[in-house]
Each structure stands twice: as structure tokens, then as C-alpha cells.
Amino acid sequence: MSLFACIEPVRYEGPHTRNDLAYRVYDRDRLVLGKRMEDWLRPAVCYWHSFNWPGTDMFGGGTLERPWLGSPVTEAMAEEKLDAAFDFLERLGVRYFTFHDVDVMATAASPRQHEGNLRRIEERIAAKIAATGVKLLWGTANLFSHPRYAGGAATSPDPEVFAWAAVQVRGCLETTHRLGGENYVLWGGREGYDSLLNTDLRGELDRYGRFLSMVVEHKHRIGFKGTILLEPKPFEPTKHQYDRDVAAVCGFLQRYGLAQEVKVNIEVNHATLAGLDFEHEVAAARACGVFGSIDINRGDPRNGWDTDQFPNNAQELVPALVQLIEDGGFTSGGFNFDAKLRRQSVDPADLYLAHIGGIDTLARALLAAADVVTEGALARLRDERYRGWRSELGRRIVSGELTLASLADLAAERGLDPAFRSGRQELAESLIARHCKY
Ligand code: XLS
Ligand code: NI
Ligand code: NI
């Protein structure tokens, strides 16, 4: 019996159940604004934190029972891990998973061996997918753990490292494609610098742009229809990461002619680390037309690093969920739980409890956001605030008909004296709060 076969499949039992291992709010078939809850949220379990992390930190070794982990990882260990992962996914009742190449495969020493090992486990994963109906939200290549990537992958000072990154990304992109993955993610954890004194910033950015163009070209060559996603993060492990936030990624994509090809995977706590609100990142991505997917987690307000905790505050998530609903929901994206247990959560049941709590939190936020949208008061408040732009003056400015000079003359002639009007911020905040009742 696998480690995670310790519980009965998790079901929706409603808000009054006394069972901790049940969903209280997440009822996957419940219709919310005409769409099933599961189709709004598309929750995914990530391989790396859930099955590939033994509970180590900078000061201490593994605390969690993960018998399939070790160094090097053999084929048999990778298969045992896969069995446990799918056991967990099925019992949790979650439709999607995500992985890095090295999370799923046996350790490889050479490019050829890397390709072979990934192909072998891919066949096993394909069989699991076929047998269970679980799907792949996205795959990604780990271009940050191996010591060769200490100075970056696409931004490495060494072209041989860049070439190794090409091996991994070609392999993982093709595997993701064959497994029916709906997106492919690139997180440039070491695409940045620790010191500018030894860094050719311009050259690194150009080569990063080159790498991404090669990835996009390959995607089209193999006919992968999923979305390529870049995941912003401001720092950690590097002091500065080039993809620091959505705005920086948008500028980068535009500069290298990739804005039509690549979207973003926004992570909640990466936004926090960048000094931004999660909903700001969602809004920025919508504004630039690059909204793709979300890594859901949270940080700790008193820790300045990526603590990757499971979300448990629904109200905090409502503004972003309102935007998601206004956008019509995800297309190929979903909510990937890029979240991990605390080191003392050593029981197999803890991994279930963590995900159940996180998914119920998302469901609560979704229901509250749907009420906000249905009530319409927030949209009306915004609409009213900007109504001046629907006036004759507003239209003439936006259409380009007026120059700076003709507009200034017009203002002077009319003696404009705009009245200041309330921004209604407190009301807007209350509109969110009053719907958080689930
Ligand atoms: C790390 C990132 C990573 C990506 C996948 O902070 O969130 O987990 O999501 O490489
Ligand atoms: Ni992430
Ligand atoms: Ni992260």
C-alpha cells in the first residue's frame, strides 16, 4: 500500500461536516455563474513540494517520510514516487498536476542519459494519465538546482550551460506536449545576478531573449498548442531576477518580439516579495494581455522569502478572483498549489489536509467574488468614477483628434474648473468584505 493510501477518497460533505478530510465548500460540480466550480478553479498539485521535498531547510535535514527520495534517484525510486503521486491525486479528487523534469525522472549525468531517463518515465506517466483521467496543467525544466546553473541557465556566462538548458527544455517541452500538457512554464530562478560588478546585464538579457525565441520556435515546430508561460519573481535564489514582476516581463517580451507568444504564470507570494499585491499582478497581466495561470500560495508577513504556505485567507484572494471572473476565467491556466507543508507536518494525512484547506479557501473566495460580480455595485462604482471619459471631451482626447496645444487652448477657453469627486475607496472595500460569508 502506498504512503498516501491512508485515507478514503476526499468528498464534498458541506459546511457542517465534522470530518477534517472532506471539502466543506469545494463542490466541483456546483454551478457558479453558469460554470462548474472545478472549471473555474482548475486546481493542480505540484510534484516538487508534495513528493520531491523531504522537509529539509537551510539548517536541518528531511523530516518527511518520502521513501522514494535519495541521491542519485534510480528508475525504481522514480516509479515508486509516481505511484504515490497518482494515488494522492486520485484520492484528493484533483484533476491536474504540474512537474519539473527532474522531479519525475531518474538522475542523469549526460545529455543523452537525461533524454533517455525522461522518455522512460514519460511512458509511465502517460499510462497513469490514461488510467486515471488526471491531466497535466504544465511541465517545466528545472534550470536552477544543478550546480552547473549556479551562474544562470540562458543567462549563464558559459554557452555550454546555455546548451544544456536547451537539452532540458527541448526534452521537457516535447514530453509536456506528448502528455497533453495545457501549458509549458519557464521560471528563471537564476536568470539574474548576485553582483553587477561581474555581470554583463545587456548581454545576459539579449541571450535570455534569444533562448525564449528558440523555445517559442520549437513549440511551433512540434505543433504544441499549449501556452508558454514565464513566471515572474523579484529575487531568490538570485539577488535580482530579470523577470521581477509582470510589468518587467511585459517589457522584456515586447523588446524581444515575444508579446504575442508568451504569457505569465503569476505566483501570489512572488508578487508580495516584489512589494506588490497579488491582484495588482493579475490586473497588470490582464492590461497587457498576458494573463495565463496562477501559482497559488502565500508568504508570511514577517518573513521576506518564499515560504510557499498554503492559502487560508479567502478574503485576501477575492479581489483577484473578481478579476478572474470578469475575464471569463482561465483559458489554459489554473490554480497550481505551489505550496509546501511545514517541516513538522510529518503525517501523510497532512498533505491532504493542506490541499483540502487551500482548495476550500479558493472555493470560498470564488463564491464571494461571484456574489460581488452578480451584485454589480463594484462595477457600477468604477463605471461611474470614469464616466467623464464618455463625455464629448473625453472621447475627443482619446481619439487623438486633439493635440496638446489644442487641448490646452480648449481648457483655457472653457475656463475648466473640474470638481473633485469621491473615489469611494472605503465603500469598494466594504463591498468585498460584506460578501465574504462562506
Ligand atoms: C519558485 C517557483 C517555482 C516555479 C517552477 O519560487 O515558484 O516553484 O513555479 O519552477
Ligand atoms: Ni511557482
Ligand atoms: Ni515560488
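For this structure, a couple of remarks:
- Cα gyration tensor shape of region 215-306, rounded if a/c is under 1.5, else prolate or oblate by comparing a/b with b/c: prolate
- For the pair Trp305 and Glu429, a Förster radius of 35 Å applied to the C-beta separation gives a FRET efficiency near 0.75, rounded to the nearest 0.05.
- Acute angle (nearest 10 degrees) that the helix 111-132 long axis makes with the longest principal axis of the chain, alpha-carbon atoms: 80
- Tilt relative to the chain, helix 348-375 - C-alpha long axis, 0 to 90 degrees, to 10: 20
- Between the beta carbons of Ala131 and Ser110, assuming R0 = 30 Å, the FRET efficiency works out to 0.40 to the nearest 0.05.
- A simple spin-label model places pseudo-atoms 7 Å from Cα toward Cβ; at Ala411 and Arg387 they are separated by 2.3 nm.
- Approximate spin-label separation Glu8-Arg120, in nm, with each point projected 7 Å along Cα-to-Cβ: 4.0
- Highest-MSF residue in the chain out of Ala150, Ala411, Ala131 [GNM, Cα springs under 10 Å]: Ala411
- Global geometry of region 365-438, whether rounded, prolate or oblate, following the gyration tensor of its Cα atoms and the 1.5 cut on a/c: prolate
- Separation in nanometres of the label points that stand 7 Å from Cα toward Cβ, at Leu33 and Leu196: 4.3
- Estimated FRET transfer efficiency (Glu65, Ala283; beta-carbon r; R0 45 Å; 0.05): 0.60
- Global geometry of the chain, whether rounded, prolate or oblate, following the gyration tensor of its Cα atoms and the 1.5 cut on a/c: oblate
- The 3J(HN,Hα) values that the Karplus relation (6.51, -1.76, 1.60; θ = phi - 60°) gives for region 210-216 are, in residue order, 4, 4, 5, 4, 5, 5, 5 Hz. Gly and Pro appear as x.
- Of all lysines in the structure, the ones whose alpha carbon falls short of 30 Å from that of Lys233, not counting any fewer than 8 places away in one chain, are Lys81, Lys135, Lys219, Lys225, Lys263, Lys340.
FYI, it's all coordinate maths here, none of it is from the lab. Values in this document were obtained by computation on a predicted structure and should not be read as measured data. Neighbour counts are summed over all protein chains in view; Cβ atoms, including those assigned to glycine, are modelled from backbone coordinates with ideal geometry.
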